[in-house]
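All of the numbers you see were taken from the coordinates with simple rules; none came from a lab. All values reported here derive from a predicted model rather than from experimental measurement. Note: ideal-geometry Cβ built from the backbone for every residue, glycine included; neighbour counts use all protein chains shown.
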């Protein structure tokens, strides 16, 4: 049981549940609400299930390789949570990374016929490669690692949209009302996922400054300083709150008071709280609290998809 628990910590099982939940809600509450529950094309449900499995496996492999290369830094930043070498041998860690990566690619190819969806298969292969180089190099560089993780977070939703609509010029030119509505909702949630992930990544860099500095990482708080990094995060939070505010004004005429109240109280208000607390934060525990709150906002933001089952 100890080994199983360590493995689940290694793959960040709550994050994997979050990824699967995001994709399931997007399929059930966005796609099916726009197009109905009947499959638009053969094997649609099988394709979706395989894509969820692929996304979870690739993410798990990414978390594993990240901990593998972060062993020394984690021994400084979070010594009580280290799994690699402390519980699971490094050779087994590499084995699990390779196995889960290959399985993720297998399920991608099984879900998406390569003759029609070659670009999405290549994109998931690129995700595996990026997660490796993120762990070995990019995460230690200014902003590059943060952007990669933010893009991959947004890709969790983006791949589902592109799986429905492969690159087809004729289809794009003849897009109807449902296609346009689906595209707009996809853009909203992809943008939210990207921005909120970028905010959390930089806050985590502030939390991990001690270990990162010891091993010559060039993360934003180390290169720009803590105050400049806080301004960077604050700007993105303000942009996100402004975007959400504009969306609420847009839906007011439709009388969607339940979703408006939810967004204001459980997404916008916590973001404003984070913004206020951000400039007062100084210690590692302060930034950990902020990171946890941002993660909760990510969850409430994704759960807001449920309202599209009630509003159309």
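Coordinate range of the alpha-carbon atoms in segment 222-293 per principal axis, descending: 47, 21, 14 Å. If a spin label sat at a point 7 angstrom from the Cα of residue 247 along the line to its beta carbon, the backbone N atoms of segment 258-282 nearer than 13 Å would be those of 259-269.
Across segment 188-283, C-alpha contacts under 8 Å between residues 6 or more apart give a mean separation that, scaled by the residue count, equals a relative contact order of 28 percent. Reported value for segment 76-123: 101 Å³ per residue, from the convex hull of its C-alpha atoms.
Using C-alpha pairs below 8 Å separated by at least 6 residues, the relative contact order for segment 39-114 is 51 percent.
In this label model, residue 273 and residue 292 are separated by 1.2 nm, measuring between points 7 Å along each Cα→Cβ vector. Given R0 = 22 Å, the distance between the Cβ atoms of residue 144 and residue 239 translates into a calculated FRET efficiency of 0.60. Taking 25 °C and 0.890 mPa s as conditions, segment 37-149 diffuses translationally at an estimated 159 µm²/s according to Stokes-Einstein applied to its Kirkwood radius (Cα pairs). Per the Kirkwood formula applied to alpha carbons, segment 2-309 shows a radius of gyration over Rh ratio, Rg over Rh, of 0.97. When shorter helices are ignored and each DSSP H run of at least 4 residues is given -39500 (n - 2.57), the per-residue value for the chain at 222 nm works out to -24500 deg cm²/dmol.
Evaluated over the Cα positions of segment 165-312, the convex hull gives a direction-averaged projected area, one quarter of its surface, of 11.0 nm². FRET efficiency for residue 71 and residue 184, Cβ-Cβ distance as r, R0 = 51 Å, nearest 0.05? Computed FRET efficiency for residue 71 and residue 184 comes out at 0.70. Segment residue 94..residue 285, full-extension length gain: 65.6 nm, with 0.36 nm per residue of separation and the alpha-carbon distance subtracted. Remark: spin-label model distance residue 102-residue 257 equals 5.9 nm, labels positioned 7 Å along the Cα→Cβ axis. Measuring nothing but how far apart in sequence close Cα pairs (under 8 Å, 6+ apart) lie, relative to its length, the chain scores a relative contact order of 21 percent.
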